[in-house]
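*Asks:* Take this structure, written in structure tokens, and hold onto it; I'll ask about it next.
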Amino acid sequence: MNALTALLRVMSGSGRAGSAFRVVAGFFLLWEAGCRVFEAPVFILPPPSLVFLRFADDPALFAEHTANTLFYCLFGFGLAFAAGLAIAVGIVYSKFLENTLFTLLVSLNSIPKITLAPLFIIWMGTGSAPKVAVSMTIALWAVVIDTVLGLRSVEPDVLDMARSMRASKLQVLWKIRFPAALPAMFAGTKVAISMALVGVIVGEFVTTDVGLGFAIMSGQGNFDIPMVYVSIIILGVLGTLLFYLVDMVERLVIPWHVSQRAEPAGPGSA
């Protein structure tokens with residue numbers, strides 16, 4: 001009863017959670033109706049009711065796949081975030097790194113990352129390391145480019161004032177550049193965490209025996225189409241939750257930024 005009350009409260013809410021729930025519920029209702037009206041073949045487009053039944057058949061299996069994918073996604077994202085910050089700081093403070101490492105990253109970013117997966121398997125074997133490597137490689141670029149942009153967004157007059165007050169480079173970085181870079185860094189982080197999830201799936205397509213990517217390939221190979229759709233839906237939910245988790249952290253860390261201020265309710269608002 002309590003769960004039903006909470007569900008009804010979310011559905012009737014006017015906030016982001018309520019709006020998202022109504023959009024998703026409407027999508028699944030249209031999907032179900034379309035399958036029944038047009039009599040779509042189940043092996044091409046199973047109705048949501050059949051997909052949910054497939055999930056209910058073995059929720060523990062999907063929970064295991066989801067947990068594995070989520071773990072390596074966060075692992076790859078964490079490595080990309082830490083390495084991206086270090087690389088971005090180096091690029092901002094070193095002309096040599098800007099002309100060499102930054103150029104190399106631009107070149108690597110133009111290469112489809114799925115083409116690197118076989119190389120990572122050759123170098124690292126068929127365990128979990130290639131998945132983490134692909135995830136990190138895909139997510140790294142977004143962290144680096146947005147952090148560099150943010151660190152360079154400080155007004156020259158502010159930097160001149162800091163130098164006139166004999167602030168060290170570390171003080172300028174920590175107290176001036178990083179606070180100014182936070183909005184751009186969070187924008188890059190939102191992209192990076194989504195790309196990290198994509199990277200893990202790419203890795204699971206080519207080397208693993210567990211994870212949502214493996215579940216998709218296994219369902220395809222066994223003509224278990226509902227399993228494929230369950231895995232895809234879980235990926236969509238997972239990616240959305242990770243994105244809004246970063247968004248929530250952003251609201252807590254930089255509530256002062258213009259992007260976090262509430263917009264006026266109407267024309268008559270102050």
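*Asks:* Say R0 is 41 Å: what FRET efficiency, to the nearest 0.05, do Q220 and L74 get from their beta-carbon distance?
*Replies:* The computed FRET efficiency comes out at 0.95.
*Asks:* Going from the alpha-carbon gyration tensor of the range 57-196, what semi-axes, largest first and in whole Å, does one get by taking the root of 5 times each eigenvalue?
*Replies:* Square roots of five times the eigenvalues give 35, 18, 11 Å.
*Asks:* Then there's this: Give the accessible area for L74 in Å² (nearest 10); use a 1.4 Å probe, count only protein heavy atoms, and leave out ligands, DNA and RNA.
*Replies:* Per-residue accessible area (L74): approximately 80 Å².
*Asks:* Turning to a different aspect of this structure: With the cut-off at 1.5 for a/c, could you classify the range 25-92 from its C-alpha gyration tensor as rounded, prolate or oblate?
*Replies:* Prolate.
*Asks:* Kirkwood Rh and Cα-based Rg: tell me the resulting Rg over Rh for the chain, rounded to two decimals.
*Replies:* Working: Rg = 22.8 Å, Rh = 21.6 Å.
When Rh is taken as the Kirkwood radius, the ratio is 1.06.
*Asks:* Shifting gears a bit: Using a Förster distance of 51 Å, how high is the FRET efficiency between L53 and V106, based on the Cβ-Cβ distance and rounded to 0.05?
*Replies:* Between L53 and V106 the formula returns 0.60.
*Asks:* Moving to a separate point now. At 7 Å along the Cα-to-beta-carbon direction for both D157 and V253, put a label point, then send me their distance in nm to one decimal.
*Replies:* Placing both labels 7 Å beyond Cα along the Cβ direction yields 2.8 nm.
*Asks:* Return the FRET efficiency for the residue pair E64, A20: r is the Cβ-Cβ distance, R0 is 25 Å, and the value is rounded to the nearest 0.05. Present the calculation step by step, with values, prior to reporting the outcome.
*Replies:* Numbers: r = 26 Å, r/R0 = 1.06.
Efficiency computed from Cβ-Cβ geometry: 0.40.
*Asks:* Need one number: nm distance between label points at A83 and E39, each 7 Å from Cα along Cα→Cβ, rounded to one decimal.
*Replies:* 5.4
The values are calculated or read from the model by the stated rules, or taken from the named source; none is laboratory data. As the structure is a computational prediction, the values presented were derived from the model and not from experiment. Cβ: placed from backbone, ideal geometry, glycine included. Neighbour counts: every protein chain shown. Ligands, DNA and RNA are stripped out before the accessible areas are found, and what is left, the full protein with its side chains, is counted by its heavy atoms. Shrake-Rupley method; radii C 1.70, N 1.55, O 1.52, S 1.80 Å.
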